[in-house]
Amino acid sequence: MTAWTTRPVGPGEHPAVTGYLGLLAEQLPGDLVDELSDGLLQTYQRHARVGDPDTAATAAIAEFGDVSTVLNACVQACPGRQAARRLLLTGPLVGAAWACALVVTTAWTWQLPPLVPVLLAFTLFTTIAALVVGSAGRVSYRRTSTLGSIAAIAVLLIDTSLPVAALVAAPAVNAAVLLAIGASLTRLVWTLGRLPVLFRDGFALRVDQAR
Amino acid sequence: MRAEALKGHLNGLLLAALEAGPLHGYAVIEALRESSGGSIDLPTGTIYPALRRLEESGLIKGSWSEEAGRRRRTYRLTAAGRRSLAGERQRWLEFTATLSLALGTVPGPVSP
């Protein structure tokens, strides 16, 4: 990764271009900044072949898009936001399956420690809040990435604890419970598959920005 | 053609640009510009995150190389990407055929 915020302006570069890349580097993972910098520098060098450096830098940045436009596009493509959006879209389906199972098995009569429903409700509301804010992220890559990871972990907790609670405490495991468990397990497998990408993205961002 | 008009079609355009062979991000932009006769007017910095998103979806695969002292990421279509492109192309052909039927003929002047 290139430290755009501290390095001197190199040959074939322009202070306005490196300044622009420095602003992106403050917010984005290093791999993505490296890719963007390669593209912007190639754009600048194409313009510089036919014009003076200042005009070339202005034209290259205009063609590339202003910092907020590019940041916004990066946040929208952030793995945390993508995961949050998919979990938010599938949430009502899994929720409806569980609502049906809980009503059919009269969940209010289950013999569970009193803390379990409270913890489940807390986790559920935290998850929904993280998913809503994470999926709407437009400004901060770091916040969107973090919220996506938190929401994914919380979804894993819910999709593990609800089936366990149902199997332990429900008086009978009927079709509604099996359907709800199936929905949770499907989402659990998908979420587990996303975790490496989410963690890699979040970890890379922190390491790059700590440099 | 501005970014708003391309909404919903960018994935297909990027996949089409990579159909002939692997390209790095800047070359993808050049290929898009060339294939559209220069009429695609997108902030080119937004193409890179779009490529990342396609990679996350498994439609393209990227690999790093080093050129002129800079890291460069080159993308190629995956089998899933080829299938997705074929689907996008088919839907587009159906869409344009339908619109051509509905909008393509200009009626003659109506006599009073």
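Where a number appears in this text, it was derived from the coordinates with a stated rule and is not lab data. Just so it is clear, the structure is predicted and the values come from calculations on it, not from any experiment. Don't worry about glycine lacking a Cβ; one is built from the backbone with ideal geometry, like all the others, and counts go over all protein chains shown.
Identify all residues within the stretch B:54-74 that are facing chain A (nearest Cβ under 10 Å) and within 14 Å of B:L18 (Cβ to Cβ); write none if there are none. Listed by number, the residues that qualify are B:L54, B:E55, B:S57, B:G62, B:R73. Among the residues of the stretch B:19-45, the ones that are within 10 Å of chain A (Cβ to nearest Cβ), part of a helix (DSSP H, G or I) and surrounded by 20 or more Cβ atoms within 10 Å (Cβ to Cβ) come to 6 in all. Of the residues making up the stretch A:24-36, those that are assigned to a helix (DSSP H, G or I) and among the hydrophobic types (A, V, I, L, M, F, W, C) are A:L24, A:A25, A:L32, A:V33, A:L36. On the given criteria, is B:R83 of a type outside the set (D, E) and within 14 Å of chain A (Cβ to nearest Cβ)? When the stated conditions are applied, B:R83 does not pass them. Considering the stretch A:37-156, the qualifying helices (runs of 4 or more DSSP H), each wholly inside and each with 3 or more residues that are of a type in the set (S, T, Y), run over A:115-135. Please work out if B:R72 is over 26 Å from A:G80 (Cβ atoms) and surrounded by 13 or more Cβ atoms within 10 Å (Cβ to Cβ). The answer is no for B:R72. Looking at (1) polar (S, T, N, Q); (2) within 17 Å of the chain's Cα centre (by Cα); (3) loosely packed, with under 14 Cβ neighbours inside 10 Å, which is the one condition that is false for A:N174? Status for A:N174: all satisfied but (2). Name the single residue that is nearest to A:D208 (Cα to Cα) among those in the stretch A:38-64 being small (G, A, S) and crowded, with 22+ Cβ neighbours inside 10 Å. Only one residue tops the list, namely A:G39.
Residue check: is B:G104 surrounded by fewer than 17 Cβ atoms within 10 Å (Cβ to Cβ), over 24 Å from B:A27 (Cα atoms), more than 15 Å from the chain's Cα centre (by Cα) and not hydrophobic (A, V, I, L, M, F, W, C)? Yes; evaluated as a whole, the condition is true for this residue. Number of residues in the stretch A:87-104 that are under 19 Å from A:G148 (Cβ atoms) and either touching a residue at least 40 places away in the same chain (Cβ under 8 Å) or under 10 Å from the mean Cα position of the chain (by Cα) (or both) equals 5.
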